[in-house]
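Take a look at the structure below.
The values are calculated or read from the model by the stated rules, or taken from the named source; none is laboratory data. Please read all numbers here as calculations on a predicted model, not as lab measurements. Because the Cβ atoms are built from the backbone with ideal geometry, glycine has one as well, and the counts that use them run over all protein chains shown. Accessible surface areas use protein heavy atoms only, side chains included; no ligands, DNA or RNA. Shrake-Rupley method; radii C 1.70, N 1.55, O 1.52, S 1.80 Å.
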Amino acid sequence: MRDFSYTRASSTEDARKAALEAGAMILAGGTTLLDLAKCGVAEPDQLIDISHIRGLDGIAVDDRAATIGALAKMSAVADHPEILSAFPAVSQSLSLAASQQLRNMATIGGNLLQRTRCPYFRDPSTFPACNKREPGSGCSAIGGVTRNHAVLGTSEYCIATYPGDLAVALVAFDAEVNLGTRTVSVEDFFLAPGDTPEKETVIAPGEMIMGISIPVSPAARHSTYLKVRDRQSYEFAAASAAVGLEFETDGKTVRGVRVALGGVATRPWRARAVEQALVGKVLTEEAIASAAALAMEGAVAHGANRYKIELAPRVIARALQTVGGLA
Amino acid sequence: MTRTIHVTLDINGEMHSLDVEPRVTLLDALRDHLELTGTKKGCDQGQCGACTCHVDGQRVLSCLTLAAQVEGRQVTTIEGIADDDGTLHAVQRAFLEHDAFQCGYCTPGQIMSAVACIREGHAGSDAEIREYMSGNLCRCGAYNSIVAAVREAAELTAGVRQKAEAA
């Protein structure tokens with residue numbers, strides 16, 4: 001790991017100003033940044049440590065929304081009683097991610113900004129070509145080992161999967177991220193790679209994630225996060241789904257439904273076609289199966305990741321069956 | 001030119017002052033600067049859990065924590081969990097009793113993780129222990145004995161707590 005200077009920010013204004021300097025990066029939990037510095041992917045000249053700033057780790061839920069500070073730890077949010085009851089999918093997306101040690105370190109703001117696990121991205125000395133790391137250098141993943149790469153939202157420049165779980169649940173339930181000077185929806189916060197895969201979010205110089213808010217809704221309260229992976233714990237998703245469901249008063253007709261996907265796309269992926277196909281329908285296994293298939297419209301396989309195109313709709317279906325009382 | 005910074009760290013209740021490069025992790029500070037080599041370096045990449053320590057009572061990975069970040073926090077390492085008279089922690093005793101290791105390299109991290117796992121209330125069943133201990137890899141595959149040791153230490157801790165509450 002290349003050496004850098006270290007500054008402890010005393011306030012968010014302080015941090016945002018200091019982070020404007022060339023080569024400066026904000027350090028919070030460190031679980032992504034120090035890992036990438038050790039890989040040689042991140043090469044900061046200066047780290048601005050915000051982890052000692054007070055008052056940025058609050059978790060509050062009222063009748064309108066949950067408001068979570070950027071420095072709240074993943075484990076604290078996952079175990080928060082009101083997050084558990086009002087947003088079970090959010091809690092589950094956190095407790096099914098990483099390990100307890102990492103969840104005790106990683107912050108909510110940093111979690112959103114975690115970088116892809118694409119092994120080509122993470123290994124600059126063996127694979128110099130990576131458009132995300134070095135714009136214009138090419139993509140080593142295309143034509144390479146692609147089992148964990150994305151099938152949705154890819155481009156000819158990048159097929160790296162967005163690795164997170166939390167953001168998938170946030171996108172499903174219309175959460176917003178507070179950047180200090182403006183607030184954007186979590187869905188709009190993340191960018192598809194297109195021809196600029198190095199640009200992953202809309203965050204601009206001088207901005208910093210201050211926190212997130214998640215609106216309370218019947219679907220969020222009646223939700224689940226299903227994560228399917230190669231081993232039972234401590235693994236990234238092969239495919240995951242955050243789903244929420246609200247029935248009409250008859251208890252079987254869908255009034256509202258939310259579906260978002262993880263592990264298969266270049267960004268947290270809201271599956272609106274699936275939602276639209278289910279609204280107004282009686283929730284049956286058949287209705288779920290035909291709706292879930294719509295999630296993969298436009299999917300492109302690159303060799304070994306083809307299985308995700310079949311897996312993801314099954315994950316959506318299982319999650320909807322679970323939350324709908326059919327499984 | 002190497003830039004060093006001065007940090008004062010609270011490790012196992014003792015204050016230590018040292019000059020380190022800003023990039024020095026808590027793990028390297030412990031092992032290379034403070035001769036506290038009980039905390040092990042496995043992957044040095046946040047994947048194996050061998051370097052697990054407690055910061056303000058929470059288990060964390062010392063390989064992904066900068067020494068400078070934990071100034072003003074209380075750090076506990078494997079050297080700090082036995083009693084002052086040398087009486088082993090209940091989790092240490094359970095690991096010995098259940099032979100919950102083979103080569104022993106992951107053991108300090110396993111024990112630090114288990115102490116926190118029990119304290120968090122995440123050791124209620126074998127399944128929960130497996131889930132909440134999944135951040136500690138054991139390449140010898142001593143997992144069954146590790147789960148048994150954590151379960152016994154958790155039951156013992158709960159029993160002690162119940163007795164204390166009844167008294």
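Some points to look at:
- Near A:Gly211, the amide H atoms lying under 5 Å from its own belong to A:Ala70, A:Asn178; only residues 5 or more places off or on other chains count, and H is placed 1.01 Å from N.
- The B-A contact accounts for roughly 2800 square angstrom of buried accessible surface, both chains included, probe 1.4 angstrom.
- Electrostatic dipole magnitude of segment A:5-49 [Cβ: Lys, Arg +1; Asp, Glu -1; Cα centre; debye, to 20]: 60 debye
- J(HN,Hα) series, segment A:15-30, from Karplus relation 6.51 cos²θ - 1.76 cosθ + 1.60, nearest Hz, glycine and proline x: 5, 5, 5, 4, 6, 6, 5, 4, x, 8, 9, 7, 10, 10, x, x
- Cα-based Rg and Dmax for segment A:218-323, where Dmax is the largest Cα-Cα distance (Å): 13.5, 46
- Site pair B:Asp85 and B:Arg139 shows an inter-label distance of 4.0 nm when each label is modelled 7 Å from Cα along Cα→Cβ.
- Label-zone membership for segment A:201-215, site A:Ser5, 7 angstrom Cα→C-beta point, backbone N under 19 Å: A:206
- Annotation: amide H-H contacts under 5 Å for A:Leu27 (H modelled 1.01 Å from N, sequence separation of 5 or more, or interchain): A:Ile48, A:Asp49, A:Ile50.
- Listed residue pairs exceeding 25 Å between alpha carbons, taken from A:Lys73/A:Lys227; A:Lys132/B:Lys41; A:Lys38/A:Lys199: A:Lys132/B:Lys41
- Positive-end residue, the protein assembly as shown charge dipole about Cα centroid, Cβ charges, pick of A:Gly153, B:Phe101, A:Asn104: A:Gly153
- For A:Phe190, the accessible area of its heavy atoms, probed at 1.4 Å with every protein chain present, is near 10 square angstrom.
- Based on Cα contacts under 8 Å between residues 6+ apart, segment A:5-49 shows a relative contact order of 56 percent.
- Distance in nm between pseudo-label sites at B:Gln162 and A:Asp230 (7 Å out along the Cβ direction from Cα): 4.3 nm
- Other-chain or far-sequence residues with amide H under 5 Å of B:Cys48's (modelled H): B:Cys43
- Residue-by-residue Karplus 3J(HN,Hα) for segment A:281-294, coefficients 6.51, -1.76, 1.60, Hz, glycine and proline x: 8, 6, 6, 10, 4, 5, 4, 5, 4, 6, 5, 4, 4, 5
- For segment B:99-138 versus segment A:134-202, the gap between their alpha-carbon centres in whole angstrom: 34 Å
- Available extension along the chain between A:Asp250 and A:Asp62 is 64.9 nm, counting 0.36 nm per residue and deducting the alpha carbon span.
- The protein assembly as shown, accessible area per residue, ligands and nucleic acids excluded (1.4 Å, Å²): 42 Å²
- Estimated dipole of chain A in Debye, rounded to 20 [Cβ of Lys and Arg +1, of Asp and Glu -1, Cα centre]: 600 debye
- Report summary: the helix-based calculation at 222 nm, which adds -39500 (n - 2.57) for every DSSP H run with n ≥ 4 and divides by the residues of chain B, gives -10000 deg cm²/dmol.
- Burial annotation for segment A:100-129: residues with an accessible-area loss of at least 40 Å² between the isolated chain and the complete set of protein chains, computed on heavy atoms with a 1.4 Å probe, are A:Gln100, A:Gln101, A:Asn104, A:Met105.
- When only the Cβ of Lys, Arg, Asp and Glu is charged (+1, +1, -1, -1), the dipole of segment B:1-147 relative to its Cα centre reaches about 480 debye.
- Farthest toward the positive end of the dipole of chain A, out of A:Ala304, A:Leu27, A:Tyr234, is the Cα of A:Ala304, where the dipole comes from beta carbon charges about the Cα centre.
- Global form of chain B, assessed from the alpha-carbon gyration tensor, a/c cut-off 1.5: prolate
- Three-way shape call for segment B:18-60 based on the alpha-carbon gyration tensor, with the a/c threshold at 1.5: prolate
- Among A:Lys38, B:Lys41, A:Lys227, the order of accessible area from largest down is B:Lys41, A:Lys38, A:Lys227, computed with a 1.4 Å probe on protein heavy atoms.
- Sorting B:His89, B:His54 by solvent-accessible area of protein heavy atoms yields B:His89, B:His54, largest first, with a 1.4 Å probe.
- Our coupling estimate for segment B:137-145, obtained by passing each phi through the Karplus curve with A = 6.51, B = -1.76, C = 1.60 and θ = phi - 60°, is 8, 10, 6, 7, x, 8, 4, 4, 6 Hz, Gly and Pro reported as x.
- Note on segment B:90-166: the alpha carbon radius of gyration divided by the globular reference 2.2 N^0.38 Å gives 1.04.
- Cα shape, chain A, gyration tensor, a/c 1.5 rule: oblate
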